[in-house]
Amino acid sequence: MASTTRRRSSAADRRAALEKRILSVIEECLRGGVTYTELSVEQIAQAAGISRSTFYLYFRDKVDVLLRLSGSLKTESYAIAAAWRPTGPDGGVDGLARTYELTLRHYREHAALLAAINEVAAYDPLVREAWTADQDRFIDNLVTVLKEEQRAGRTPADIDPELAAKVMIQGGGQVIAQQVSNSDGSDDTVVARELARGYWYGVYRRPGSPTVD
């Protein structure tokens, strides 16, 4: 049993190391102007220093690679988002702004991969569905946070947590994607601050609706 466990652990370590190497290779190729659609398995394998047969030991095809890499990208960004709480040690509007800034920095570091995901998601349903499913995890986390704030009386009870979370995640995600794609990053702090203020004062601490007699 111990031997089997060690073999599984070793295989997982090799896969993780290979994924990291392939991510680096793919991002380098994409930064060079090659689209993910144009990038071949042969090019990826050669640049990563492995054979095609080794590539197929770990991945079904290019889409499988992209699914793995997009999962890792979202896992890291989810950790950033989930670490923030409105009344936590780094809470409040300033803490939320820092969270958005960290998220922007994270995606900017992997801008080429993000562009590849958006490129392939436009025509591949597997990539599109996986990216959307990952987004649902962010929405579920935010719904939980908003409900906690409502129970504590800090967020107005008339806000629909599910709808508000969907608008915030999808809307904020579009702003972040556009910012990473179209800006050199010099105004990331400003964009992060405006996102934070909009959602903090528009949702988390929105004034309650007046009672109509």
Of the GluC sites (Glu not before Pro) in segment 17-83, those whose Cβ has at most 13 other Cβ within 10 Å and which sit in DSSP loop: GLU38
Eligible aspartates and glutamates near LYS62 by straight Cα distance, threshold 19 Å, same-chain separation 8 or greater: GLU19, GLU27, GLU28, GLU38, GLU42, GLU119, ASP124, GLU129
Mean-position separation - Cα centroids, segment 92-111 and segment 16-35, in angstrom: 23
Sparsely packed trypsin sites (Lys or Arg not before Pro) within segment 1-108, loop by DSSP, other Cβ within 10 Å at most 16: ARG60
Segment ALA157-ALA82, length gained on full extension (0.36 nm per residue, minus Cα span): 24.8 nm
Pairwise centroid distance, computed over Cα atoms, of segment 159-201 with segment 44-71, Å: 33
Förster radius 25 Å - calculated FRET efficiency between GLU148 and ASP94, Cβ distance, rounded to 0.05: 0.80
Cα gyration tensor category, rounded, prolate or oblate, for segment 119-165 with a/c compared to 1.5: prolate
Cα gyration tensor category, rounded, prolate or oblate, for segment 1-85 with a/c compared to 1.5: oblate
Cross-link partners of LYS147 among lysines (Cα-Cα below 16 Å; sequence separation of 8 or more within a chain): LYS166
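Computed from the coordinates by the stated procedures, all read-outs in this text should not be read as laboratory data. Because the structure is predicted, anything quoted here is derived from the model rather than measured. Here Cβ is always computed from backbone atoms with ideal geometry, including for glycine, and neighbour counts include all displayed protein chains.
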